[in-house]
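K.L.:
My questions all concern the structure below.
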Amino acid sequence: MAPHLHHVPSSTSTQAQAGGKATAVIKDEDKEKSIEVFSGSGTDADAVRVQLDPQIHPVDIAPFTQFGFDERVKQLANHSGFQPVMIHNVYKHVSNFKRTKKIVKAMHTAALECAKAEIEGQEVEELYASDESENDGTGVMSKS
(Lines give C-alpha, C1' and ligand atoms only; values in the text may rest on other atoms or scores of the structure.)
Protein backbone atom coordinates (compact mmCIF):
# COMPACT_ATOMS: atom_id res chain seq x y z
CA MET A 1 0.00 0.00 0.00
CA ALA A 2 1.59 3.21 -1.18
CA PRO A 3 1.21 6.54 0.59
CA HIS A 4 -1.97 8.41 -0.23
CA LEU A 5 -1.04 11.77 -1.79
CA HIS A 6 -2.92 15.07 -1.77
CA HIS A 7 -2.12 18.29 -3.59
CA VAL A 8 -2.16 21.19 -1.19
CA PRO A 9 -2.31 24.81 -2.39
CA SER A 10 0.90 26.86 -2.33
CA SER A 11 2.47 27.52 1.08
CA THR A 12 0.04 25.30 2.96
CA SER A 13 0.45 21.98 4.61
CA THR A 14 -1.89 19.52 6.28
CA GLN A 15 -1.61 16.15 7.93
CA ALA A 16 -4.49 13.70 7.72
CA GLN A 17 -5.37 10.07 7.82
CA ALA A 18 -7.56 8.61 5.12
CA GLY A 19 -9.03 5.26 6.04
CA GLY A 20 -5.94 4.31 8.04
CA LYS A 21 -3.61 4.94 5.11
CA ALA A 22 -0.54 7.13 5.38
CA THR A 23 -1.12 10.57 3.94
CA ALA A 24 1.34 12.76 2.06
CA VAL A 25 1.24 16.49 1.60
CA ILE A 26 2.66 18.30 -1.39
CA LYS A 27 3.91 21.86 -1.04
CA ASP A 28 4.86 24.30 -3.72
CA GLU A 29 7.07 26.85 -2.02
CA ASP A 30 9.26 29.13 -4.11
CA LYS A 31 8.50 27.04 -7.20
CA GLU A 32 10.24 24.06 -5.60
CA LYS A 33 8.16 20.96 -5.03
CA SER A 34 8.51 18.91 -1.90
CA ILE A 35 6.50 16.13 -0.40
CA GLU A 36 5.92 15.17 3.20
CA VAL A 37 4.98 11.56 3.69
CA PHE A 38 3.30 10.73 6.98
CA SER A 39 3.36 7.27 8.47
CA GLY A 40 1.53 6.06 11.50
CA SER A 41 -1.76 7.49 12.64
CA GLY A 42 -2.93 10.56 14.46
CA THR A 43 -0.42 12.24 16.73
CA ASP A 44 2.23 9.52 16.41
CA ALA A 45 2.70 10.16 12.66
CA ASP A 46 6.26 10.70 11.46
CA ALA A 47 6.93 13.00 8.52
CA VAL A 48 9.63 12.58 5.91
CA ARG A 49 10.28 15.45 3.50
CA VAL A 50 11.49 14.53 0.01
CA GLN A 51 12.53 17.08 -2.60
CA LEU A 52 11.00 16.35 -5.99
CA ASP A 53 12.15 17.20 -9.46
CA PRO A 54 10.33 20.46 -10.35
CA GLN A 55 9.39 18.92 -13.69
CA ILE A 56 7.22 16.23 -12.07
CA HIS A 57 3.61 17.31 -12.15
CA PRO A 58 1.66 16.89 -8.91
CA VAL A 59 -0.93 14.75 -10.72
CA ASP A 60 1.83 12.22 -11.56
CA ILE A 61 3.25 11.80 -8.06
CA ALA A 62 0.67 9.31 -6.78
CA PRO A 63 0.99 6.94 -9.79
CA PHE A 64 4.80 7.14 -9.63
CA THR A 65 4.74 6.44 -5.90
CA GLN A 66 2.44 3.46 -6.41
CA PHE A 67 4.65 2.16 -9.25
CA GLY A 68 7.76 2.43 -7.05
CA PHE A 69 6.05 0.66 -4.17
CA ASP A 70 4.75 -2.09 -6.45
CA GLU A 71 8.27 -2.61 -7.84
CA ARG A 72 9.74 -2.92 -4.33
CA VAL A 73 7.05 -5.47 -3.42
CA LYS A 74 7.72 -7.41 -6.62
CA GLN A 75 11.49 -7.44 -5.94
CA LEU A 76 10.98 -8.63 -2.37
CA ALA A 77 8.53 -11.30 -3.54
CA ASN A 78 10.98 -12.55 -6.19
CA HIS A 79 13.86 -12.58 -3.71
CA SER A 80 11.96 -14.33 -0.93
CA GLY A 81 9.92 -16.78 -2.99
CA PHE A 82 6.59 -15.49 -1.65
CA GLN A 83 3.75 -14.13 -3.75
CA PRO A 84 3.34 -10.30 -3.83
CA VAL A 85 -0.04 -10.65 -2.08
CA MET A 86 1.79 -12.17 0.91
CA ILE A 87 4.19 -9.21 1.01
CA HIS A 88 1.19 -6.84 0.93
CA ASN A 89 -0.46 -8.76 3.78
CA VAL A 90 2.65 -8.45 5.94
CA TYR A 91 3.03 -4.75 5.05
CA LYS A 92 -0.53 -4.04 6.21
CA HIS A 93 0.39 -5.14 9.73
CA VAL A 94 3.69 -3.30 10.24
CA SER A 95 4.77 0.32 10.40
CA ASN A 96 7.17 0.46 7.44
CA PHE A 97 8.69 -1.41 4.52
CA LYS A 98 11.97 -2.03 6.38
CA ARG A 99 10.07 -4.07 8.99
CA THR A 100 8.23 -5.86 6.20
CA LYS A 101 11.55 -6.94 4.68
CA LYS A 102 12.81 -8.15 8.07
CA ILE A 103 9.65 -10.18 8.70
CA VAL A 104 9.62 -11.65 5.20
CA LYS A 105 13.26 -12.67 5.61
CA ALA A 106 12.35 -14.42 8.88
CA MET A 107 9.40 -16.10 7.13
CA HIS A 108 11.72 -17.28 4.35
CA THR A 109 14.21 -18.70 6.85
CA ALA A 110 11.43 -20.43 8.80
CA ALA A 111 9.96 -21.89 5.60
CA LEU A 112 13.37 -23.32 4.62
CA GLU A 113 13.87 -24.80 8.09
CA CYS A 114 10.40 -26.35 7.98
CA ALA A 115 11.07 -27.79 4.52
CA LYS A 116 14.39 -29.21 5.69
CA ALA A 117 12.74 -30.89 8.69
CA GLU A 118 9.98 -32.29 6.47
CA ILE A 119 12.50 -33.65 3.96
CA GLU A 120 14.56 -35.28 6.71
CA GLY A 121 11.40 -36.79 8.21
CA GLN A 122 10.36 -38.24 4.86
CA GLU A 123 13.85 -39.66 4.30
CA VAL A 124 13.71 -41.42 7.67
CA GLU A 125 10.24 -42.79 6.85
CA GLU A 126 11.46 -44.01 3.45
CA LEU A 127 14.52 -45.61 5.03
CA TYR A 128 12.36 -47.33 7.64
CA ALA A 129 9.91 -48.52 4.95
CA SER A 130 12.82 -49.76 2.87
CA ASP A 131 14.22 -51.69 5.84
CA GLU A 132 10.79 -53.24 6.50
CA SER A 133 10.42 -54.40 2.89
CA GLU A 134 13.88 -56.00 2.93
CA ASN A 135 13.16 -57.86 6.16
CA ASP A 136 11.88 -61.39 5.47
CA GLY A 137 9.88 -61.56 8.69
CA THR A 138 12.60 -63.37 10.69
CA GLY A 139 14.13 -60.17 11.95
CA VAL A 140 17.14 -60.77 9.74
CA MET A 141 17.77 -58.62 6.69
CA SER A 142 17.50 -60.64 3.49
CA LYS A 143 20.32 -60.48 0.97
CA SER A 144 19.46 -58.67 -2.20
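K.L.:
Give the ranking of Thr100, Thr65, Thr109 by solvent-accessible surface, highest area first, calculated with a 1.4 Å probe. Can you show the working numbers first?
P.N.:
Details: Thr100 0, Thr65 45, Thr109 65 Å².
Most to least solvent-accessible, the answer reads Thr109, Thr65, Thr100.
K.L.:
Let me ask another. Compute the accessible area per residue over segment 48-121, keeping the other protein chains in place, probe 1.4 Å, unit Å².
P.N.:
Values: 5410 Å² over 74 residues.
Normalised by residue count, the accessible surface of segment 48-121 is 73 Å².
The values are calculated or read from the model by the stated rules, or taken from the named source; none is laboratory data. Note that this is a predicted model, so its numbers are computed, not measured. Accessible surface areas use protein heavy atoms only, side chains included; no ligands, DNA or RNA. Shrake-Rupley method; radii C 1.70, N 1.55, O 1.52, S 1.80 Å.
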